[in-house]
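The values are calculated or read from the model by the stated rules, or taken from the named source; none is laboratory data. Keep in mind that this is a model prediction, so the values were computed, not measured. Cβ: placed from backbone, ideal geometry, glycine included. Neighbour counts: every protein chain shown.
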Amino acid sequence: MQITNSTPWPIVIISALLTLFLLMRTTLYAETADLKFNPDQFTVKTLIYNDQRLTYRAYEDIVYVAHPVAPQFQNINIYVPMAYYEGQSVGAYQTDTAPIFLPNRVGGYMPAKPGGPALDRNNHPNAATVALSKGYVVACPGVRGRTLQDDDGLYIGKAPACIVDLKAAVRYLRYNDALFPGDAEKIVSNGTSAGGALSALLGATGNSPDYDSYLQIVGAAPTRDDIYAASCYCPITNLDHADMAYKWQFNGLNQYNAWGRKGTLSVTQIQLSNQLKALFPPYVNHLGLKTSDGTLLTLNENGHGPFRNYVKSFILSSAQHALDHGENLSNHSWITIEDGKVTEIDIDAYVAYATRMKATPAFDALDLHSPENNLFGTTTLDNQHFTAFARNQNPDHDLADTAVIKMMNPMNYIGTSKATTAQHWRIRHGAIDRDTSLAIPVILATQLMNHDYEVDFALPWGQGHGGDYDLDELFAWMAEICQ
Ligand code: DHB
């Protein structure tokens, strides 16, 4: 109907209401139609693992949001052991009780395609393969990342896109929980490095309203996005405090070597390093972290005190574990061993042994060249600062939106009433991983423990930057928390 000036007003109102109703119906219909899992669209695949033939259904390339902006990344592969369609159980799990393993493949905050059962880069069966063999339903989401551009050249994967997509994938799984085997109340996330940080963020921020408007824009399913457990390998997280933590650990070591950028810190960088180091004790002190016996984990202005000793205690435990498993540590003069017990470690010598990777600032680079600067860009600005400290060195540069910086740090959500944080955590950070300070995973683990979450935390001896290197232990932990 064409409405003219002479159309009577009741007809105008009725016609407007009708249009509104049709519009709403179309939108709602489109969303629910797109988000509904189709149980019939699968292929049957097999693989051989540990001399056993595993048959499973592969549901691949399912777009998990109603309004994708990058469907080639915003999609998920779901793999289900065939046993569940044949009325069988796998180990302790049945079709309704099987946990859902959710590994992301994000590295460097880059865009990530969904993965699946395959060999890893060392030709070993990957975590998804092992999970399937143990009866997990495996859901591998892709997510947008910092370099993605649309046809008009606009950036469509800057923060918080990666975590918004992971949350949307979780919502998709829960929304469709009844339509395929597995229990969406038992989702266990896994990731390494930037992917470990996203796993931590997913675990910490369940159902936080902060992300709602972003989830709405991509058309995420209207349900909860909290998860059961988070496994995080070397999470490159707490980015807005990672520079000061790095300087606290590496101050005094002036040689760096990161991604082909190699050299000695300049006088200006050393001055900046000293300033950054001085910011770390106030940050740690304001957190009010405690050991299990209630000791307050503080630092004095020189960066010494209970928190430093506490970080050292994890390195000591790691060395002890290595020693107990037959490792020869006698060639490290900075480790004191008495009667089979590691009694002391000279931290400064240890850090010098591990060597320094990144220059100053390590994360919020003054020339905006770091992966994290790139993560915090906008649709039209490729790189931005995300700390006042780095931005103040060059006030012409832009600082990311405070709300976005908040959304990328799990520390802002743990122990708050606005988020449902996962109950179970496994955090591993290699004892010689220099991509971020050891203080960062220690702070994350302790904040969780202090809020009564169950945390399995360790710094594996001799381990550098990486993940999924201890799948037997990872799956033993998962079996324990899921049963
Ligand atoms: C990753 C490593 C880094 O050192 C970093 O700053 C960001 C991401 C990674 O391996 O994902």
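Some values worked out for this structure:
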| quantity | calculated |
| --- | --- |
| Scope the stretch 199-236; condition within 16 Å of the ligand (Cβ to nearest atom) and more than 23 Å from Glu480 (Cα to Cα); matching residues | Ile236 |
| Total residues in the stretch 447-483, condition in a strand (DSSP E or B) and touching a helix residue (DSSP H, G or I) at 6+ places or on another chain (Cβ under 7 Å) | 4 |
| Enumeration of residues in the stretch 61-79 that are closer than 14 Å to Ala112 by Cβ and buried (at least 20 other Cβ atoms within 10 Å of the Cβ) | Tyr64, Ala70, Phe73, Gln74, Asn75, Ile76, Asn77 |
| Residue satisfying all of: in the stretch 360-377; within 8 Å of the ligand (Cβ to nearest atom) and under 17 Å from Val143 (Cβ atoms); surrounded by the fewest Cβ atoms within 10 Å (Cβ to Cβ) among these | Pro371 |
| Cross-chain or 6+ apart pairs with Cβ under 7 Å, the stretch 428-452 first and within 12 Å of Ile315 (Cβ to Cβ) and in contact (Cβ under 8 Å) with a residue 60 or more places away in the chain, then within 16 Å of the ligand (Cβ to nearest atom) and assigned to a helix (DSSP H, G or I) | His429/Pro441; Ile432/Ala354; Leu438/Gln249; Ala439/Ala245; Ala439/Gln249 |
| Members of the stretch 391-446 found to be among the charged types (D, E, K, R), outside any loop (DSSP other than H, G, I, E, B) and within 16 Å of the ligand (Cβ to nearest atom), listed by number | Arg428 |
| Residue match in the stretch 322-338 (condition: surrounded by fewer than 17 Cβ atoms within 10 Å (Cβ to Cβ), among the acidic types (Asp, Glu) and assigned to a helix (DSSP H, G or I)) | yes |
| Inter-residue pairs, beta-carbon under 9 Å, first among the small types (Gly, Ala, Ser) and in the stretch 51-67, second assigned to a strand (DSSP E or B) and surrounded by 16 or more Cβ atoms within 10 Å (Cβ to Cβ), 6+ apart | Ala58/Lys45; Ala58/Asn77; Ala58/Ile78; Ala58/Tyr79; Ala58/Val80 |
| One residue from Leu287, Leu279 being under 24 Å from Asp346 (Cα atoms), within 29 Å of the chain's Cα centre (by Cα) and either among the small types (Gly, Ala, Ser) or surrounded by 13 or more Cβ atoms within 10 Å (Cβ to Cβ) (or both) | Leu279 |
| Flag for Leu102 being at pLDDT below 95 and either among the aliphatic types (A, V, I, L, M) or assigned to a loop (DSSP other than H, G, I, E, B) (or both) | no |
| The stretch 257-286 - residue that is in contact with a helix residue (DSSP H, G or I) (Cβ under 7 Å, 6 or more places away or on another chain) and part of a helix (DSSP H, G or I) and, of those, farthest from Asp240 (Cα to Cα) | Ser273 |
| Flag if Val80 is in a loop (DSSP other than H, G, I, E, B) and either away from the ligand (no atom under 16 Å from the Cβ) or under 19 Å from Ser199 (Cα atoms) (or both) | no |
| Unmet requirement for Tyr350, which otherwise passes all of (1) within 20 Å of Gly464 (Cβ to Cβ); (2) crowded, with 17+ Cβ neighbours inside 10 Å; (3) within 15 Å of the ligand (Cβ to nearest atom) | (3) |
| Test: residue in the stretch 237-245 that is surrounded by fewer than 24 Cβ atoms within 10 Å (Cβ to Cβ), outside any helix (DSSP H, G or I) and in contact with a Pro (Cβ under 8 Å, 6 or more places away or on another chain) | no |
| Conditions (1) in contact with a Leu (Cβ under 7 Å, 6 or more places away or on another chain); (2) not in a strand (DSSP E or B): number failed by Ala128 | (1) |
| Subset of the stretch 216-233 (residues that are surrounded by 19 or more Cβ atoms within 10 Å (Cβ to Cβ) and in a helix (DSSP H, G or I)) | Val218 |
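Yes/no matrix, rows are residues, columns are (1) in contact (Cβ under 8 Å) with a residue 40 or more places away in the chain; (2) in contact with an Asp or Glu (Cβ under 8 Å, 6 or more places away or on another chain); (3) within 15 Å of the ligand (Cβ to nearest atom):
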residue	(1), (2), (3)
Asn104	yes, no, yes
Gly116	yes, yes, no
Asn123	no, no, no
Pro141	yes, yes, no
